[in-house]
Every structure is written in structure tokens, then in C-alpha cells.
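The values are calculated or read from the model by the stated rules, or taken from the named source; none is laboratory data. Quantities reported herein were computed from a predicted structural model and do not represent experimental measurements. Cβ placement follows ideal geometry from the backbone for every residue including glycine, while neighbour counts extend to all protein chains displayed. Accessible surface is based on the protein model in full, side chains and every heavy atom, while ligands, DNA and RNA are left aside. Shrake-Rupley method; radii C 1.70, N 1.55, O 1.52, S 1.80 Å.
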Amino acid sequence: MANPLAVNVTQAQHNMDAPLVMAGAGHTHLVAMRCWAEKGLKVPENSVLISPGTHAWYSGMMPGLLAGRFHVEQCAVDLRPLADAVGLHLVYGEVSAMNADNQKLVLSNNQSITYQVLSINTGSEPPVPKNDGSVPIEPAKPFANFFQRWQLWRQQPPGEIVVLGGGPAAFELVLALQWKLPTTGFRLICAEELLPGQPVELQRAAAALLREREIECLPDTFISNIRDGQLWSGGKIVAHPDVVVLATGAAPLPWYACSGLATDKRGFLRVDACLQSVNHPQVFISGDACSHKGSQRSGVYAVRQGPTLAHNVMAFLNDRRLRKYQPQPRTLALLATADGGALLSYGKHSISNTALRPLLGFWKDRLDLGFILRHERK
Ligand SMILES: Cc1cc2nc3c(=O)[nH]c(=O)nc-3n(C[C@H](O)[C@H](O)[C@H](O)COP(=O)(O)OP(=O)(O)OC[C@H]3O[C@@H](n4cnc5c(N)ncnc54)[C@H](O)[C@@H]3O)c2cc1C
């Protein structure tokens, strides 16, 4: 299998015209491509998929990878076979700018691609607190970069790591990092409560687990500034770690703002019920990048948008009727505890019983590995 850590292997050689451009190999595009492949559907000739790397990482397995429970090859989908199956030409690169009026994308190497139909699934990045660069800051995404950093820490463990963020990703991440770096001190600093919006019982079990693993959790502590090696919350110094890991949620990628596509107040790309841009109907947007009423920014929602996106892109290309995407009112969350176990929440309900955790962890692994298997093409 090709190495998932390889990035920018080859670049687009020429400026291109494409009937369909799929920008980013996020969760939604993986599902859409799989749906087309299963139905034997092909995209129009000269259509392209743009990806910075050869593989698409599956976020649900990242904490397990860091905790040493998976190999890197198990956590990422090789894009070439999937792209080949649906007739997409794979272009290695990163979109750095877009002009929706001219239907044009510019890549970071300055090459440009003109499209007739565009689908954007380039995700988000964690918001970065104001800082003077005095403490190394490592965003949890892109995963390939974070994983490489992690391998260096394994060789030379930092004295103290602060993880910023209080949602499921931050909780799983701090447990996973601590699992493999027992000599490093860990703190989880949450702007609000720990696991906001989750059932109280689950929040309590999560807090107890952090205590058990000797990870200090500081809830309701918004880090307003990082300067002179210290983390400030308002006028108070709360930590002076060697490294800050960001799992602070989702912020839009910088180029969304100047793309010409309509955005919401935060800068995410506004779509209608069919996942079409509200001001450029030949542009579809899915996953974290889109601002869609009723959807949350998580892998679960990105995955569920896949079949609708698959249908709608093909329907738009063939002048057929589009379908509305109906987000599910609640989702199942299985939070990995680094030791092979997991905690569960579904709406107002949760299961955090110690005896059941290994079973929940086993279930989570089956679901995650199943996702990768379904998207692999030989
Ligand atoms: C550690 C961690 C664990 C998580 N665990 C879970 C979980 O268990 N369950 C869950 O529901 N959610 C989880 N999430 C949230 C989840 O990762 C995101 O909500 C989800 O990945 C969004 O999917 P997406 O389809 O929008 O894009 P992504 O999956 O983020 O993929 C975007 C893709 O676009 C590519 N890309 C980025 N910029 C560009 C560009 N400029 N040009 C071209 N390509 C680009 C990237 O390389 C990437 O392949 C986790 C997040 C983190 C940080």
C-alpha cells in the first residue's frame, strides 16, 4: 500500500478546464465516490479530484492511531483506486484561492483549474488563539502533519502538553496522547464545560476518567492569549506548557472568505437544502466547510451528506431533479478512551458503565474499520 504520509507527490502540470472538480477528499467526497463506484457511474471525462495527499484520513480513528491501537495504513483510504473507479483524475495540490464568478480555482503552486461544476469538501481547521509564537502550537489537523509531530514526541517526550478544546475530539485526543506519553504532564483546557451538550452522566464519567489518568481538566477557561511562554485566560496565567495542541473545533479555511461564495457570519459557505451554494448553484459544498441548517460540524454529518451529494452532483450534470438533504436530529457518539474502551451517547442517553466500556470500544472499532474497508478499492 502507498504511504498515507506522503504529501504533494506530484503536482498538477498544466492549467486545466474540467467539467467537474471535486475539491478535497473529505468524508463526504469519499462516500459520494463510493456511491458512484457501487452503481458503476462515471464522472464526465477530464473531471478532477484535488487532494493535498495520496490518502484521505478517517478522523474517527486518529485517537486510536495515536494510542497505538491501529497502524497508519488502517486509518486512511488510498484515493487513487477510488478516483480511478469513477473516472476522476487525481490532482495533488491544495486550493488556495477561488473566484466563483469566473468559475476558477487557484492551487497553492499557482496553477489554476476552471470548472463547470464544483464540489467543495475541504473541511475546516481548528481556531488558533492569539499568540506571539513563544509556545509551539500544533493543530490536530491536518492529521498527516500532526501524526508526524506525534512521532517526534514519542522519541523526545515534552515535559508538559496542554490540549485546548473541550469537545469529543479534544477529550479523545488528550487520553490518547497521555496513553503513550506517561512521563509527560497533561492538561485539558476547555473554553466551556467538558463535553458541552452531552448528557450530564457522560460528562461526569469523562471528568472522572481524566482524573483517574492524572490529566488535569480546566473547564470554563477561555485562553485569550499565548505570550511569553504562558497561556492567559483574561488577566490570569493558567499554564506554561512546552506544547499546545489545538482541538478547538472548526474554523473556516481562509480562502472561503474571498471565494465569492455566500458565507455565514463565521465564514462558512452557505448552502441550501440540496447542498448547493446559495449564490452559485453550480457549486456544491459539504462537510465542515458548509453552513447548513440542522447540520453539525462532525464526521458523522459529513458522512451522512455523502449519498445526497452523490445524487445531486450527477443529477445537476445531467439536468435531473436534485434531492434535499435531511440531517438526522441526533447522532450516536462513541468516545474512545485509549485503552480499547469507549463511552456512548445518543441524544439525552449515555452509557459510561466501566464494565460495558470494552464492548462499546469493540463496537466503535468495528464501525470505524468497516468505514475504511467500504471505501477501499484494490
Ligand atoms: C482528533 C479528531 C477526532 C475526531 N473524531 C471524530 C469522530 O470520532 N466522529 C466525528 O463525527 N467527528 C470527529 N471529528 C471531527 C471530524 O474530523 C470533522 O468534522 C470531519 O472530518 C469533517 O469532514 P469533512 O468531510 O468536512 O472534511 P475532512 O474529513 O476534514 O477532510 C477535508 C479534506 O480536504 C483536504 N483539504 C484541506 N484543505 C484543502 C485545500 N485547500 N485544497 C484541497 N484539499 C484540501 C484535507 O486534506 C482533507 O483530506 C474529529 C476531529 C478531530 C480533530
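Here are some notes:
- Annotation: of all residues in the range 254-290 being of a type in the set (S, T, N, Q) and within 13 Å of the ligand (Cβ to nearest atom), the one that is farthest from the chain's Cα centre (by Cα) is Ser259.
- Pairs where the first residue, in the range 242-266, is of a type in the set (Lys, Arg) and the second is within 9 Å of the ligand (Cβ to nearest atom), C-beta under 9 Å, 6+ apart: Arg266/Ala250
- Some residue of the range 336-358 being in the same structural domain as Leu66 (by TED's automatic domain parsing), farther than 12 Å from Thr28 by Cβ, more than 18 Å from the chain's Cα centre (by Cα) and open to solvent by 20 Å² or more (accessible area, probe 1.4 Å): no
- Restricting the range 78-111 to residues that are away from the ligand (no atom under 11 Å from the Cβ), open to solvent by 40 Å² or more (accessible area, probe 1.4 Å) and in contact with a Gly (Cβ under 8 Å, 6 or more places away or on another chain), the residue that is modelled with the lowest pLDDT: Asn109
- When Ser119 is tested against (1) over 14 Å from Ala289 (Cβ atoms); (2) in a strand (DSSP E or B); (3) in contact (Cβ under 8 Å) with a residue 24 or more places away in the chain, just one condition goes unmet, and that condition is (1).
- Lone unmet requirement of (1) buried (at least 17 other Cβ atoms within 10 Å of the Cβ); (2) outside any strand (DSSP E or B); (3) modelled with pLDDT of 95 or more for Pro44: (1)
- Met62 passes every criterion in (1) closer than 30 Å to Gly361 by Cβ; (2) open to solvent by less than 10 Å² (accessible area, probe 1.4 Å); (3) more than 16 Å from the chain's Cα centre (by Cα); (4) not basic (Lys, Arg) apart from (3).
- Conditions (1) more than 13 Å from the ligand (Cβ to nearest atom); (2) over 16 Å from Val21 (Cβ atoms); (3) touching a Pro at 6+ places or on another chain (Cβ under 9 Å): number failed by Cys75: (1)
- All positions within the range 219-269 that are among the charged types (D, E, K, R) and in contact with a Gly (Cβ under 7 Å, 6 or more places away or on another chain): Asp242
- Restricting the range 47-59 to residues that are farther than 20 Å from Asp365 by Cβ and open to solvent by less than 40 Å² (accessible area, probe 1.4 Å), the residue that is farthest from the ligand (Cβ to nearest atom): Ser47
- Scanning the range 305-350 for residues that are within 15 Å of the ligand (Cβ to nearest atom), under 30 Å from Gly87 (Cβ atoms) and without any contact (Cβ under 8 Å) to a residue 60 or more places away in the chain yields Thr308, Tyr325, Pro327.
- Residue match in the range 315-332 (condition: at pLDDT 95 or above, polar (S, T, N, Q) and within 18 Å of Ser124 (Cβ to Cβ)): no
- Counted residues, the range 112-130 - those being more than 9 Å from the ligand (Cβ to nearest atom), open to solvent by 40 Å² or more (accessible area, probe 1.4 Å) and farther than 17 Å from Asp17 by Cβ: 3
This table checks each residue for (1) in the same structural domain as Ile223 (by TED's automatic domain parsing); (2) charged (D, E, K, R); (3) under 22 Å from Ala302 (Cα atoms).
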site: Asn99; (1), (2), (3): no, no, no
site: Leu118; (1), (2), (3): no, no, yes
site: Phe146; (1), (2), (3): yes, no, yes
site: Trp153; (1), (2), (3): yes, no, no
site: Gly159; (1), (2), (3): yes, no, no
site: Gly165; (1), (2), (3): yes, no, yes
site: Leu175; (1), (2), (3): yes, no, no
site: Trp179; (1), (2), (3): yes, no, no
site: Arg187; (1), (2), (3): yes, yes, no
